[in-house]
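Comments concern the structure below.
Please treat every number below as a calculation from the coordinates, not as lab data. Since this is a predicted model, take the numbers as computed values, not measurements. For neighbour counting, all protein chains shown are included, and Cβ atoms are generated from backbone atoms with ideal geometry for every residue, glycine included.
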Amino acid sequence: MKNKSLLELADEITSGKNFTKNKYGSFYKNFEDAAAVASILTNSTITPEMANAVLIGLKFARLRQGYHEDSFLDLHAYIAAFEINHDESGKELI
């Protein structure tokens with residue numbers, strides 16, 4: 001059996017096909033919690049969508065340092081989460 005591509009792995013994580021890999025719970029709840037913490041730390045209103053966008057930016061910044069498979073996997077998952085979060089919240093993206 002061939003090794004799975006990063007896109008296949010990211011799809012498993014974000015779609016719930018492999019719950020052992022998605023052991024962190026709901027994307028939207030996690031981004032809500034991260035946004036709440038970021039709002040306190042910055043004394044600003046940070047939305048879950050904004051928190052998600054910052055993590056996407058972080059992965060791009062890390063990839064400027066060179067290829068890291070785990071950063072690409074996270075990037076794919078965060079981009080998928082951006083769409084999932086939008087669908088679950090019904091809100092505008094940012």
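A simple rule links phi to the HN-Hα coupling: the Karplus curve 6.51 cos²θ - 1.76 cosθ + 1.60 with θ = phi - 60°, which for the stretch 64-72 gives 5, 7, x, 6, 9, 3, 5, 5, 5 Hz, with x for Gly and Pro.
Listed peptides 59-65, 35-41, 76-82, 45-51 appear in the order 76-82, 45-51, 35-41, 59-65 once ranked by packing, highest mean of other Cβ atoms within 10 Å at the front.
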